[in-house]
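One structure below.
The values are calculated or read from the model by the stated rules, or taken from the named source; none is laboratory data. Note that this is a predicted model, so its numbers are computed, not measured. Cβ: placed from backbone, ideal geometry, glycine included. Neighbour counts: every protein chain shown. When the accessible area is computed, the model is the full protein with side chains, heavy atoms only, and any ligands, DNA or RNA have been set aside. Shrake-Rupley method; radii C 1.70, N 1.55, O 1.52, S 1.80 Å.
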Amino acid sequence: MIPRYSRPEMTAIWEPATKFRIWYEIEAHACDAQAAIGVIPKENAEAVWKAKDVAFDVVRIDEIEAVTKHDVIAFLTHLAEHIGAEDARFVHQGMTSSDVLDTTLNVQLVRAVDILLADMDRVLAALKARAHEHKMDVRIGRSHGIHAEPTTMGLTFARFYAEMDRGRARLVAARAEIATGAISGAVGTFANIDPSVEEHVCAQMGLTPEPISTQVIPRDRHAMFFATLGVIASSIENIATEIRHMQRTEVLEAEEFFSKGQKGSSAMPHKRNPVLTENLTGLARLVRMSVVPAMENVTLWHERDISHSSVERAIGPDTTVTLDFALNRLAGVIEKLVIYPENMLANMNKFRGLVMSQRVLLALTQAGVSREDAYRLVQRNAMRVWEEGADFKTELLADDEVTKALSVAEIEEKFDLGYHTKHVDAIFARVFGTN
């Protein structure tokens with residue numbers, strides 16, 4: 001991913017130097033396990049650790065690979081240059097390249113998830129804080145983009161919190177799904193390496209042994225992993241889209257923080273655009289872009305082919321780096337989001353009580369009017385509000401058929417906003433576990 005959308009902690013996971021360090025650790029731990037069961041001399045295993053403080057030369061490894069056309073062999077050759085050919089004789093004993101490559105990829109993905117989980121915790125904390133801050137600030141709910149019934153800004157943040165909390169739970173499951181390693185040798189039969197070596201390496205690298213691998217770790221695990229990242233990205237876009245709507249000039253119930261010295265347009269000095277949430281919408285597309293290729297990687301020929309390899313070299317870093325950046329940008333937007341309760345009330349009242357139509361409908365049916373007639377009575381008064389700019393309550397009070405069923409006090413009561421917030425505490429208790 002380009003530096004513009006990258007954060008150092010996540011990009012460091014995918015640096016070549018980090019990858020080679022993980023390769024080295026896998027090989028060294030494997031040598032320890034081989035020595036423990038008497039397959040290789042203990043002194044040779046110990047000698048491999050002479051390189052534990054070595055900064056592997058990425059340029060040198062690339063030079064060797066230019067000749068060998070094989071990245072793992074190039075690394076092993078470079079390792080031998082540090083510890084000596086004799087001591088390196090038993091390195092990679094009984095192993096195949098995928099043992100190193102697949103186990104390393106999963107180590108990197110696990111480390112990436114741990115950062116993403118921390119990112120999501122920041123987003124969740126921001127959503128929870130804003131939900132409680134605006135718990136009872138009434139705003140109009142919308143369906144199909146049209147005024148529906150009152151809700152609160154707090155409930156808007158609470159539902160996004162619940163969605164992101166589900167995303168976090170999925171990410172925890174994805175971490176478990178991807179946290180496997182394989183040191184099973186060619187075609188995964190352990191013919192040339194004892195299963196105890198795999199168990200030792202996985203324990204040292206924070207993984208569990210893959211129950212059954214071929215020459216690769218099954219790619220359905222990776223498909224589930226990237227699909228989870230795609231769902232989280234969609235949740236980011238869901239929140240971003242709501243904020244973009246709220247910032248529209250005609251709505252202006254909230255807007256992104258506009259910092260001192262910030263410019264909104266090169267042509268129109270008055271502009272304050274929702275650039276961060278628009279950016280998040282685009283970044284979500286980039287994250288989801290990895291989902292289909294990851295699923296297509298599940299199908300491999302027989303015990304192994306490398307059709308998945310080029311895909312994963314791109315989507316591994318690009319997707320995790322992009323989602324890391326997007327989650328942190330989203331958290332910042334929520335933390336600094338400017339809310340306008342007065343505008344929310346103004347929008348609520350734009351159609352002069354029209355949003356209380358369902359309460360009147362229900363009251364009429366409870367007063368003995370058939371549902372069909374009740375709907376007809378309410379709708380004809382509602383249409384005067386839409387078409388003539390009338391006041392809904394005034395129209396109802398002037399309608400003899402309505403007042404025949406409902407008293408003035410009963411009609412007046414149907415316009416109490418508190419009716420729509422009476423269960424907010426109960427919803428908050430469900431979402432946050434506390435009022």
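Side notes on the structure shown:
- When each of Lys19/Lys69; Lys263/Lys336; Lys350/Lys414; Lys135/Lys404; Lys19/Lys128 is checked by Cα-Cα distance, pairs over 27 Å: Lys135/Lys404; Lys19/Lys128
- Remark: spin-label model distance Glu81-Arg248 equals 6.1 nm, labels positioned 7 Å along the Cα→Cβ axis.
- For the chain: accessible area per residue (Å², 1.4 Å): 47 Å²
- Highest mean first, the peptides 242-250, 146-154 sorted by other C-beta atoms within 10 Å per residue fall in the order 146-154, 242-250.
- Among [x] 29.0; [y] 24.7; [z] 22.9, the entry that matches mean projected area of the Cα convex hull in nm² as calculated here: [x]
- Label zone at Val187, where the point sits 7 Å out along the Cα-to-Cβ direction: region 268-312 residues whose backbone N lies under 13 Å: 302-304
- Sparse-neighbourhood loop sites, trypsin sites (Lys or Arg not before Pro) in region 83-126 - DSSP loop, at most 14 other Cβ within 10 angstrom: none
- Förster radius 56 Å - calculated FRET efficiency between Arg4 and Arg380 (Cβ-Cβ, nearest 0.05): 0.50
- Rounded percent of accessible protein surface that carbon and sulfur make up, the chain, 1.4 Å probe: 54 percent
- In degrees, nearest ten, helix 195-205 long axis to first principal axis of the chain (Cα): 50 degrees
- Of the residues Ile339, Leu109, Phe415, the one whose Cα sits farthest towards the positive end of the charge dipole of the chain is Phe415 (charges of +1 on Lys and Arg Cβ, -1 on Asp and Glu Cβ, taken about the Cα centre).
- Unit charges at the beta carbon, dipole of region 307-419: most positive-side option, Ala382, Val402, His308: His308
- Rounded to the nearest 20, the Cβ-based charge dipole of region 243-325 about its Cα centre (Lys and Arg +1, Asp and Glu -1) stands at 460 debye.
- Principal-axis analysis of the Cα atoms of the chain puts helix 153-178 at an angle of about 20° to the longest axis.
- Only Lys, Arg, Asp and Glu carry charge here, each on its Cβ (+1 for the first two, -1 for the last two); on that basis the chain has a dipole of about 1440 debye about its Cα centre.
- To the nearest ten degrees, helix 357-366 and the longest principal axis of the Cα atoms of the chain are 70 degrees apart.
- The mean sequence distance of close C-alpha pairs (under 8 Å, at least 6 residues apart), as a share of the length of the chain, puts its relative contact order at 17 percent.
- Separation of alpha-carbon centers, region 1-61 and region 78-95, rounded to whole Å: 13 Å
- Per-residue ellipticity at 222 nm computed for the chain from its helices equals -20000 deg cm²/dmol, with DSSP H segments shorter than 4 residues left out and the rest contributing -39,500 (n - 2.57).
- Local charge for Val385 was computed over the other residues whose Cβ lies under 12 Å away, with Lys and Arg +1 and Asp and Glu -1, and equals +1.
- Protection proxy ranking, peptides 210-223, 12-25, average beta carbon neighbours within 10 Å, highest first: 210-223, 12-25
- Placing unit charges on each Cβ (+1 for Lys and Arg, -1 for Asp and Glu) gives the chain a dipole about its Cα centre, and among His270, Ile232, Ala30 the Cα reaching farthest toward its positive end belongs to His270.
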